[in-house]
Amino acid sequence: MAESYDVQEVEARWQAFWRDHGTYDVDNDDPRPHYYVLCMYPYPSGAAHMGHVRNYTFGDLIVRHRTMTGHAVLSPMGFDSFGLPAENAAIKTGRHPREFTDERIDELTSSIMRIGAVYDWRRRVTSHDPAYIRWNQWIFTRFLAAGLAYRKEAPVNWCPGCQTVLANEQVLADGTCERSGDVVTKRDLEQWFFNTTRYAQELLDAIDDLEWPERVKVMQRNWIGRSEGAEFTMAVVDESGTPHADGHSLTVFTTRPDTSFGMTYAVLAPEHPLALAITTEERRDEVEAFIDQARNTSEIDRMSSEGSLDKRGVFTGAYCLNPFTGRPVPLYLADYVLLGYGTGAIMAVPAEDQRDWDFAAVHGLSIVRTIQPPDGWEGEAFTGDGPHINSEWLDGLDKPAAIAKAIAWLEAEGIGHGTVNYRLRDWLVSRQRFWGCPIPVVYCDTCGVVPVPDDQLPVLAPDDVEFLPTGESPLRQHAGFLHTTCPTCAGPATRETDTMDTFVDSSWYFLRFCDPTNAELPFAPEAAAAWMPVDQYIGGVEHAILHLLYARFYTKALADLGVAPAELREPFSRLFTQGMIRLGGDKMSKSKGNLVAPEEILDTDGADALRLAHLFVGPPQDDVDWEGVGIEGCARFLQRVWRLGTGQVGTVVDRTETDADIAVVRAVHRLIAKVSDDFDRWSYNTAVAACMELVNELYRYAQSDDGARTETIAFAVDTLTLLLAPMAPHLTAELWFRRHDGAHVHEQAWPVADPAMVAQDTVTMVVQVNGKVRDRLEVPADIDAAGAEALALGSAKVQANLDGRSPRKVISRPPNLVNIVA
RNA sequence: GCCCGGGUGGCGUAACCGGUAGCCGCAGGGGGCUUAAACCCCCCGGACCGCAAGGUCGUGUGGGUUCGAGUCCCACCCCGGGCACCA
């Protein structure tokens, strides 16, 4: 009878059972209410690390819990299998990235299975699967036809380490590559872009209704960066106000048109197309040198002037006419103005903008205040509100009124208008890489850019390529791939050799999961409608901006193209971002060499203990220091549950129900309510604690002199097993199987608490005198205020404390508290 | 600099609506079982004073609101994260 729990044997057996029986396979036409749980699909980097374990523990808990509450739960898994590490490994070893990647996928798959996480593996999607590539490319051609994909030459971020172009988002604030850490420089290339900015406003507006962590929503709003203002055009002139010989003019964007009378100079970005055209002969050498320097300076150096007064810029010799004052102001080039934002040109108002103030101070430019700063103002630029001054017809107005009036004036004059700008840029998707999804277009001398027709998809990269650390994809060196015929005119043509950013792959994989084998379409709209949007998405906060924003963009674009259901505007209704795993304060990562391998724990304490430890250590959204993870306590707890469940604890007797038995039944009902509520609010640590508390109580109960009543202990243990089933699936599966003649715990209904049993009939009432606890009394739960007050005043301890003083006031909050003020 | 989080025992944490601060676990201590150890079972652990009953203090710091504040308000300190010339 005293059989010990063989962790390894039991866990392996149940994992095989779930896999072989497809226990968590689910069909689209399942009649139960649908629920879609998704963990961000991983890059296959080999065996799972603790971050994976944490992620999939949460996901698996929800899958199992929701199944027990009667839902048809879609829980798919796949692999984000294109990307740099595999290609870098190929360059190093000469092995094809596919071999490398497939091995890693197998490794990761088996370690995911070892933590007991269950999926509908029939739906597996991998980015590098030709079937997925085909639809990825198909969508690209639809984007192209809709004008959502376009090509343009642009100065792009170039990482010398990765030998590729990076999106702005992949360049860190200090100007280095987020992956390799190399300093990023600029290059001009013809690149493919997706028109994300077309959806800027909708992407911004829809954030409000998402059940996402507030900080993620804030990050997305900041990233989109809407700002309202005005654009207006100014004539380029010389010092005396005479128009430029070529009639040039420049357009600026400002959020503060109300301060236009204070514009004392204007600035173009160094890369601005007009920069050289308007530069005077005598300034040409200096300006050219400046432009050259700006282009070759990395972002890191360009930002190095931050915080200092060293605003780098150069005078062009040209002027422009401030339309508000009618006077010419000098025109500068400066690297604090960015070509990619607004119009790449600004009006500079040093009195009301600190950056302009700094620049003006360095270059000796004049400063004219147009808003009266408050009395005693000792700062420099004043960006607050106040009455306008030195501004003719804006004088005396406050900021909102002056902005409105200035915009109205610009529109009346026909030189400008109110407008909105977004910080969000179009998404640069071209990568000069081999191990990615080829961009499906060919270039024909007669037909131009031609999308590869549907019946010729997928365009697959050839296998016989050489992996060399050049700046270009190995595809460019492969004549058989590069040279092709035009699908339109059958003439000679060349293929696009760039591949897509891997964020493209992850922007719609959750849709493919709904219909993973569809050979006619990326997915049928009805299949997407059956599951989407994802009810619960779970992943790391590191994807708070890019992946989530791109996936949102894709969903909207596909809905508008009729590929996805038109009403599907957002992919992820609820998002949960889990905390990072640290070790001794450091981020746990391969590069820091401080990994704790899950495998070691799986080999000893097992998956249930590891899962429970992740759940118990603290709130799921908080970072976790592995040193604080009490794996032993969790393993010990599971052993206690096992002994309880296999009848090894205390004595069990047949008898009619006693008060002690009823107390246990009540405790069990309270636990059902507690765990159910905790699950709903992602408070797994307290759910585990509550289960431990009940186990402690059951031990005392069963080991007491009176022993445990047969029916009571059976009810308690069975309920506990059900409640633990989503958290510790192996042990509970085994216990239920043994206790219930081969039945399966995960097929049982989630228990429901009886409200009558949850309610307490007596509670401990605290009696305070002047806010300090002086006594505790057991009182009926339904006691009224007067009764509570009478009991409190009758307490000997209270009377001793009052020491003859008469109460001035009594606050009675039955049944929990009475406070006597004396 | 701006925007979010967060500071509670030796440690990870709990206290969900302003009402018993410290549930649960780790580490520690005591006892039982054992020839012995491990495992296991029971009990005790915020600080200080006290033989005890009991008392005083205590949730980063300083104020405030309230009968009552870990919880609300103001100011500040510290830690973590995000953004950072976006005009």
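Within segment A:87-99, can one find any residue that is assigned to a loop (DSSP other than H, G, I, E, B) and on the phi > 0 side of the Ramachandran plot? Looking for residues that are assigned to a loop (DSSP other than H, G, I, E, B) and on the phi > 0 side of the Ramachandran plot, one finds at least one in segment A:87-99, hence yes. The set of residues from segment A:328-346 being within 7 Å of RNA strand B (Cβ to nearest atom) and more than 33 Å from the chain's Cα centre (by Cα) comprises just one member, A:Ile346.
Residue count for segment A:52-82, restricted to those that are part of a loop (DSSP other than H, G, I, E, B) and hydroxyl-bearing (Ser, Thr, Tyr): 3.
Annotation note: Cβ proximity below 8 Å between a residue of segment A:345-368 that is aromatic (Phe, Trp, Tyr) and part of a helix (DSSP H, G or I) and a residue that is more than 8 Å from RNA strand B (Cβ to nearest atom) and modelled with pLDDT under 90 (sequence gap 6+ or interchain) occurs for A:Trp357/A:Glu380; A:Trp357/A:Ala381; A:Phe359/A:Gly313. Of the residues making up segment A:3-21, just one is in a loop (DSSP other than H, G, I, E, B) and surrounded by 13 or more Cβ atoms within 10 Å (Cβ to Cβ), namely A:Tyr5.
Taken together, the criteria place A:Ser506 among residues that are of a type in the set (Gly, Ala, Ser) and either surrounded by fewer than 22 Cβ atoms within 10 Å (Cβ to Cβ) or in contact with a helix residue (DSSP H, G or I) (Cβ under 7 Å, 6 or more places away or on another chain) (or both).
Being within 14 Å of RNA strand B (Cβ to nearest atom), at pLDDT 75 or above, within 20 Å of A:Ala345 (Cα to Cα) and among the hydrophobic types (A, V, I, L, M, F, W, C) is a property that A:Ala230 has. Counting only strands (runs of 3 or more DSSP E) that sit wholly inside segment A:760-822, not one has at least 2 residues that are touching a residue at least 60 places away in the same chain (Cβ under 8 Å), over 26 Å from A:Ala667 (Cβ atoms) and not basic (Lys, Arg).
Taken together, the residues in segment A:452-475 that are of a type outside the set (Asp, Glu), under 26 Å from A:Arg187 (Cβ atoms) and within 35 Å of the chain's Cα centre (by Cα) amount to 10. Confirm whether A:Thr721 is more than 9 Å from RNA strand B (Cβ to nearest atom) and buried (at least 23 other Cβ atoms within 10 Å of the Cβ). Yes: the conditions hold for A:Thr721.
Scanning segment A:369-404 for residues being closer than 29 Å to A:Gly317 by Cα, assigned to a helix (DSSP H, G or I) and among the small types (Gly, Ala, Ser) gives a total of 0. Flag: A:Val675 does not match the condition of being more than 26 Å from A:Gly630 (Cβ to Cβ) and among the hydrophobic types (A, V, I, L, M, F, W, C).
Restricting attention to segment A:727-779 and to residues that are farther than 30 Å from A:Asn55 by Cβ and among the polar types (S, T, N, Q), the residue that is nearest to RNA strand B (Cβ to nearest atom) turns out to be A:Thr764. The residue that is modelled with the lowest pLDDT, among those in segment A:588-602 that are of a type outside the set (Lys, Arg) and within 14 Å of RNA strand B (Cβ to nearest atom), is A:Ser589. Taking A:Glu271, is it over 18 Å from A:Val329 (Cα atoms) and surrounded by fewer than 20 Cβ atoms within 10 Å (Cβ to Cβ)? It is false that A:Glu271 is over 18 Å from A:Val329 (Cα atoms) and surrounded by fewer than 20 Cβ atoms within 10 Å (Cβ to Cβ).
For segment A:306-315, the criterion of being more than 10 Å from RNA strand B (Cβ to nearest atom), buried (at least 22 other Cβ atoms within 10 Å of the Cβ) and at pLDDT below 95 is met by at least one residue. On the stretch given as segment A:780-799, residues that are over 17 Å from A:Ile820 (Cα atoms) and within 15 Å of RNA strand B (Cβ to nearest atom) total 3. Tell me yes or no: at least one residue of segment A:433-440 is in a strand (DSSP E or B), over 30 Å from A:Ser127 (Cα atoms) and either away from RNA strand B (no atom under 13 Å from the Cβ) or in contact with a strand residue (DSSP E or B) (Cβ under 9 Å, 6 or more places away or on another chain) (or both). Within segment A:433-440 (the criterion being in a strand (DSSP E or B), over 30 Å from A:Ser127 (Cα atoms) and either away from RNA strand B (no atom under 13 Å from the Cβ) or in contact with a strand residue (DSSP E or B) (Cβ under 9 Å, 6 or more places away or on another chain) (or both)), the answer is no, since none of the residues qualifies. None of A:Gly585, A:Gly650, A:Gly630 is surrounded by 17 or more Cβ atoms within 10 Å (Cβ to Cβ), modelled with pLDDT under 95 and within 12 Å of RNA strand B (Cβ to nearest atom) except A:Gly650. Among the residues of segment A:219-232, are any part of a helix (DSSP H, G or I), in contact with a helix residue (DSSP H, G or I) (Cβ under 7 Å, 6 or more places away or on another chain), free of Cβ contacts under 8 Å to residues at least 60 places away in the same chain and among the aliphatic types (A, V, I, L, M)? Scanning segment A:219-232 turns up no residue that is part of a helix (DSSP H, G or I), in contact with a helix residue (DSSP H, G or I) (Cβ under 7 Å, 6 or more places away or on another chain), free of Cβ contacts under 8 Å to residues at least 60 places away in the same chain and among the aliphatic types (A, V, I, L, M).
Scanning segment A:668-688 for residues that are modelled with pLDDT under 95, among the hydrophobic types (A, V, I, L, M, F, W, C) and within 10 Å of RNA strand B (Cβ to nearest atom) gives no hits. The set of residues in segment A:693-736 being more than 41 Å from the chain's Cα centre (by Cα) and part of a loop (DSSP other than H, G, I, E, B) consists of A:Ser704, A:Asp705, A:Asp706, A:Gly707. Does A:Arg369 count as basic (Lys, Arg) and within 13 Å of RNA strand B (Cβ to nearest atom)? In short, no.
Does A:Leu610 meet the test of being at pLDDT 90 or above and either surrounded by fewer than 20 Cβ atoms within 10 Å (Cβ to Cβ) or not small (Gly, Ala, Ser) (or both)? Taking the combined requirement at face value, the residue satisfies it. Determine if segment A:190-206 includes at least one residue that is modelled with pLDDT of 75 or more, surrounded by 15 or more Cβ atoms within 10 Å (Cβ to Cβ) and within 13 Å of RNA strand B (Cβ to nearest atom). There is at least one residue in segment A:190-206 that is modelled with pLDDT of 75 or more, surrounded by 15 or more Cβ atoms within 10 Å (Cβ to Cβ) and within 13 Å of RNA strand B (Cβ to nearest atom).
When A:Asp605, A:Asp625 are checked against the criterion of being over 22 Å from A:Thr719 (Cβ atoms), touching a Leu at 6+ places or on another chain (Cβ under 9 Å) and within 7 Å of RNA strand B (Cβ to nearest atom), A:Asp625 stands alone in meeting it.
Selection of segment A:743-765 for residues being surrounded by fewer than 17 Cβ atoms within 10 Å (Cβ to Cβ) and in contact with a Lys or Arg (Cβ under 8 Å, 6 or more places away or on another chain) yields A:Met757, A:Val758, A:Gln760, A:Thr764.
The values are calculated or read from the model by the stated rules, or taken from the named source; none is laboratory data. The structure presented is a predicted model; accordingly, all values stated were derived computationally and were not measured. FYI the Cβ positions are ideal-geometry reconstructions off the backbone, even for glycines, and counts take in every protein chain you see.
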